[in-house]
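J.: The structure follows.
Read the figures in this text as sums done on the coordinates, not as results from a lab. Note that the structure is a prediction, hence the values are computed from the model and not measured. Counting neighbours? That spans all protein chains shown, and the Cβs are built from the backbone with ideal geometry, glycine included.
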Amino acid sequence: MATSPDDQALRISADEALARLVAGNERFLRGESHWIGVHVEAIPSLASGQQPFATILGCSDSRVPPEILFDTGLGELFVVRVAGNVISGEVAGSLQYAGSHLHTPLFVVLGHEGCGAVQAALSTRAHGTQHRSRIHILVENILAGLGEVDPGESPDAQLTRAVEQNVRWAVGRSPNRQRARPASRRERCGWWVRSTRSRPAA
Ligand SMILES: [Zn+2]
């Protein structure tokens with residue numbers, strides 16, 4: 001008999017989900033990742049459904065795959081990746097699906113140092129740099145959230161600040177936002193989280 005999404009929802013809190021991400025990221029930073037490949041014997045159980053414990057919106061940059069950064073395996077994270085970790089209609093729909101159907105208790109927007117998409121937006125703002133049509137749409141999305149970034153600061157300082165502001169902007173535009181707070185800034189990734197639940201699902 002098929003189980004409903006509610007039956008399949010993980011019974012952990014947002015804080016517990018965050019602790020799992022933090023622990024996985026610390027293992028990654030120590031070079032002690034547990035996840036070394038696909039465990040074939042686990043595939044049949046995954047085929048019957050998914051119970052990701054967190055939803056991650058991250059950048060498409062090849063250097064920041066959430067599954068590796070947080071040392072997770074198949075079925076553990078619901079990941080949406082797009083350059084600049086921006087919210088578009090399709091991205092919002094994916095996030096809403098994760099919240100309303102998969103009931104992931106935690107939502108994380110993962111920004112990263114030296115983001116090229118954010119840098120492109122800063123370049124357009126400072127120098128009027130033009131981009132190809134679809135890239136321009138992406139840049140416009142990022143530019144909308146950079147109002148608090150001081151153009152008088154150094155380029156490096158602006159980029160650092162812009163990455164953070166871009167993450168805040170995405171959190172604020174997420175479809176299921178309830179409360180947002182900063183999570184730890186790790187050595188190589190800054191991230192913000194939004195809890196979809198403060199308690200385990202009933
Ligand atoms: Zn990026």
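J.: Amide H neighbours of V79 under 5 Å, counting only residues 5+ apart in sequence or on other chains, H built in-plane at 1.01 Å?
T.: I56
J.: Still on this structure: By the gyration tensor of its Cα atoms, with a ≥ b ≥ c the square roots of the eigenvalues, what is the shape of segment 52-114: rounded for a/c under 1.5, prolate for a/b over b/c, or oblate?
T.: Oblate shape, in that a/c is at least 1.5 and b/c is the bigger or equal ratio.
J.: Exactly which trypsin sites (Lys or Arg not before Pro) in segment 117-165 are in a DSSP loop and have at most 13 other Cβ atoms within 10 Å?
T.: Listed in order of number, the matching sites are R132.
J.: Further question: What list do you get for C115, C59 if you sort them by fewest beta carbons within 10 Å? All intermediate terms of the calculation are to be shown ahead of the outcome.
T.: On the way: C115 23, C59 26.
The fewest-first ordering by Cβ neighbours comes to C115, C59.
J.: For segment 5-195, compute Rg over Rh where Rg is the Cα radius of gyration and Rh is the Kirkwood radius from the inverse mean 1/r over Cα pairs.
T.: 0.99
J.: From Cα pairs below 8 angstrom and at least 6 apart in sequence, can you work out the relative contact order of segment 33-118, rounded to a whole percent? Before the final figure, lay out the partial values.
T.: Values: 112 pairs, mean separation 32.2, N = 86.
Computed value for segment 33-118: 37 percent relative contact order.
J.: How do 21-31, 149-159 rank on mean C-beta neighbours within 10 Å, highest first?
T.: 21-31, 149-159
J.: What list of ³J(HN,Hα) couplings, whole Hz, do you get for segment 41-55 from phi and the Karplus terms 6.51, -1.76, 1.60, once you set θ to phi - 60° and write x for glycine and proline?
T.: 5, 8, 4, x, 5, 5, 5, 7, x, 10, 9, x, 8, 8, 10
J.: Report the full-extension gain for the segment T129 to R27: residue separation times 0.36 nm, less the Cα-Cα distance, to one decimal in nm.
T.: Between T129 and R27, full extension yields 32.7 nm more.
J.: Continuing with this model, one more query. Going by C-beta contacts inside 10 Å, put V86, V118, V64 in order with the fewest on the left. Intermediate results must be reported in sequence, preceding the final value.
T.: Numbers: V86 25, V118 33, V64 19.
By the 10 Å Cβ count, ascending: V64, V86, V118.
J.: Step through the residues of segment 17-30 one at a time and calculate ³J(HN,Hα) from phi using the Karplus curve (6.51 cos²θ - 1.76 cosθ + 1.60, θ = phi - 60°), rounding each to whole Hz and writing x for Gly and Pro.
T.: Along segment 17-30, the couplings run 5, 5, 4, 5, 5, 4, 4, x, 5, 5, 4, 4, 5, 7 Hz.
J.: Less than 12 Å Cβ to Cβ from E140, Lys/Arg counted +1 and Asp/Glu -1: what total charge do the surrounding residues give?
T.: +2
J.: Net charge within 12 Å of A157 by Cβ-Cβ distance, Lys/Arg positive one each and Asp/Glu negative one each, not counting A157 itself?
T.: It works out to a net charge of -3.
J.: Could you state, as a whole-number percent, how many of the C-alpha pairs of segment 3-110 are farther apart than 18 Å?
T.: On the way: 2972 of 5778 pairs.
Counting every Cα pair in segment 3-110, those more than 18 Å apart make up 51 percent.
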